[in-house]
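Here is the structure we will look at.
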Amino acid sequence: MLLKVKNGTIRIFDDDRLLVSYAQAEGKHQLVANPLFYEAPKADQDLQRRKYGRVKGKATRGLAIGSLFPQVMYRPLAEYESAVDAAQGGGPWNS
């Protein structure tokens, strides 16, 4: 990143590509930015508040799938041991 200030203009570059330019502030303690940069995150915060607000609750995963704990498939250990035996040429895995 490269910042250039010249002739009352602030320019920010990524290598040789101009990313953004602003007019330099008239005085001290002034914000120099595009208002759209603040509107998008604010809209996103409003969306998140509506989506995960108090009405719906914060832990909604369990409501969607019926349980807060995912279901896993159970297999006997013998199935894994037979797979290891086949991979090692038929001998027990701990010999």
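Quick note: the coordinates plus some simple rules give every number you see, no bench work behind them. The shown structure was predicted, so the numbers you read here are calculated from the model rather than taken from an experiment. Positions of Cβ are generated from backbone atoms using ideal geometry, with glycine treated the same way; all protein chains shown enter the neighbour counts.
Results, tabulated for the structure shown:
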read-out: Theoretical FRET efficiency, 1/(1+(r/R0)^6), r = Cβ-Cβ of Lys28 and Met1, R0 35 Å, to 0.05; value: 0.90
read-out: Computed lengthening from Asp16 to Glu79, 0.36 nm per intervening residue step minus Cα-Cα distance; value: 16.7 nm
